[in-house]
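Beneath this line is the structure, given in structure tokens, with notes to follow.
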Amino acid sequence: MTVRKAWVVAIAAVGSGIAFVMLLVVGVYVVAGNIVNGVGGGAVGLAKGAVPAAYKTLVQKWGNLCPALNPALLAAQLYQESGFNPNARSAAAAEGIAQFIPGTWATHGLDGNGDGKRDVWDPNDAIPSAASYDCELAKYVKDVPGDVSHNMLAAYNAGAYAVIKYGGVPPYAETQNYVKTITTLEKSFAAPVTRVDPSRQAAGAISYAQGKLGTPYLWGGDGTADQGGRFDCSGLTKAAYESVGISLPRVANDQYNAGPHPKREELLPGDLVFFSDDPTDSRAIRHVGIYVGGGYMIDAPRPGAVIRFDPVDTPDYFGATRVTEDGAKALPTSV
């Protein structure tokens with residue numbers, strides 16, 4: 001969480017600080033009024049189940065609030081900030097699904113659902129507030145050279161004053177990494193509009209998994225010597241991609257966000273394939289394997305079984321991810 005840290009304080013140090021804050025306060029409510037008047041029907045779609053069903057409509061609607069924002073970008077921010085956890089609280093006192101600090105929430109929090117309360121813990125308020133805040137920042141840096149969405153994200157992280165001062169994304173490693181992370185994660189939350197490029201590391205990952213065929217399953221297994229070289233499902237996929245230089249998160253539902261999502265008919269060997277009892281929520285994914293072609297995957301299925309070939313086309317098939325180096329690097333270490 002670094003979004004709304006202290007840039008208001010920084011701007012207050014310059015003569016126009018108070019006026020700038022007031023501009024944002026007024027602008028928030030102007031932007032919020034746009035939704036009431038019908039804004040919110042854009043063309044960017046969300047990948048299947050990438051956003052939990054409880055928040056999908058909110059993200060799709062408010063993610064189209066202004067041209068600098070889209071639903072996938074908003075989803076990437078929320079995932080980066082809290083993993084879609086409405087009860088998240090950081091060491092820096094950031095709160096809720098959008099990780100507002102109290103001072104920023106007091107100024108920019110909206111009553112998104114019209115119940116008479118502005119509740120940072122309620123996604124119905126926090127998600128609209130995050131989108132509205134994004135768009136106000138985009139308006140303030142609209143004349144800065146460069147990509148308006150990148151400048152918006154940089155302002156969200158480091159402050160609008162820094163973006164204006166440096167004529168674009170400022171030369172802060174944290175801010176540059178934040179912009180790259182969110183724009184990379186955006187691809188894993190967007191429904192692809194064209195065929196997804198194949199991964200050059202796929203063959204190596206498959207080769208590694210094939211070498212583990214017949215190995216007994218172990219819950220929590222990472223293949224270490226003290227575990228007898230045994231794996232569970234996500235331990236196997238993690239190790240397979242680590243063998244070709246790509247570090248994935250430990251659990252399956254986070255691995256889903258390591259790249260774009262090809263359709264079932266577009267699967268290629270090396271794609272990760274996921275399974276869930278809830279087809280609307282990637283956070284509920286409970287199993288993952290590595291697709292090898294012909295409708296089959298290599299997976300570590302369950303206790304008492306061994307790593308083996310299994311069919312992909314089962315009733316609980318959720319979707320697939322084509323792992324990319326940048327996508328994997330963008331994933332937060334914990335959500």
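The values are calculated or read from the model by the stated rules, or taken from the named source; none is laboratory data. A quick note: this is a predicted structure, and the numbers were derived from the prediction, not measured. Using ideal geometry, Cβ is built from the backbone for each residue, glycine included, and neighbour counts are taken over all protein chains shown. Areas reflect the complete protein model, heavy atoms only, side chains present, ligands, DNA and RNA absent. Shrake-Rupley method; radii C 1.70, N 1.55, O 1.52, S 1.80 Å.
Quick notes on this structure:
- Check on LYS117, closer than 29 Å to ALA53 by Cα, free of Cβ contacts under 8 Å to residues at least 24 places away in the same chain and open to solvent by 30 Å² or more (accessible area, probe 1.4 Å): yes
- When segment 235-248 is filtered for residues that are in contact with a helix residue (DSSP H, G or I) (Cβ under 8 Å, 6 or more places away or on another chain) and open to solvent by 20 Å² or more (accessible area, probe 1.4 Å), the ones remaining, listed by number, are LYS238, SER243, VAL244, GLY245, SER247.
- Residues satisfying the stated conditions in segment 85-94, i.e. free of Cβ contacts under 8 Å to residues at least 40 places away in the same chain and of a type in the set (A, V, I, L, M, F, W, C): ALA88, ALA91, ALA93
- For segment 113-141, residues that are under 22 Å from THR184 (Cα atoms) and either in a loop (DSSP other than H, G, I, E, B) or of a type in the set (S, T, N, Q) (or both) total 2.
- Taken over segment 181-207, the criterion of being part of a helix (DSSP H, G or I) and closer than 20 Å to TYR256 by Cβ is satisfied by THR181, ILE182, THR183, THR184, LEU185, GLU186, LYS187, SER188, PHE189, ALA202, ALA205, ILE206.
- Positions within segment 152-174 being without any contact (Cβ under 8 Å) to a residue 40 or more places away in the chain and either touching a Ser or Thr at 6+ places or on another chain (Cβ under 6 Å) or among the hydroxyl-bearing types (Ser, Thr, Tyr) (or both), in sequence order: ALA154, TYR166, TYR172
- Tally, over segment 224-277, of residues that are part of a helix (DSSP H, G or I) and in contact (Cβ under 8 Å) with a residue 40 or more places away in the chain: 11
- Scan of segment 47-84 for residues that are part of a helix (DSSP H, G or I) and free of Cβ contacts under 8 Å to residues at least 40 places away in the same chain, ordered by number: THR57, GLN60, LYS61
- The set of residues from segment 212-223 being over 32 Å from the mean Cα position of the chain (by Cα) and part of a loop (DSSP other than H, G, I, E, B) comprises LEU213, GLY214, THR215.
- Residue in segment 145-153 that is under 19 Å from PRO102 (Cβ atoms), open to solvent by 20 Å² or more (accessible area, probe 1.4 Å) and of a type outside the set (S, T, N, Q) present: no
- Condition met for THR175 (part of a helix (DSSP H, G or I), among the hydroxyl-bearing types (Ser, Thr, Tyr) and over 30 Å from LEU268 (Cα atoms)): yes
- Candidates in segment 154-208 are the residues that are of a type in the set (A, V, I, L, M) and farther than 26 Å from ALA50 by Cβ; of these, the one that is surrounded by the fewest Cβ atoms within 10 Å (Cβ to Cβ) is ALA173.
- For segment 277-299, a residue qualifies if it is of a type in the set (Ser, Thr, Tyr) and within 19 Å of the chain's Cα centre (by Cα), and the qualifying residues are THR280, SER282.
- Residue under evaluation VAL193, criteria (1) closer than 21 Å to ARG283 by Cα; (2) aliphatic (A, V, I, L, M); (3) at pLDDT below 95, criterion not met: (1)
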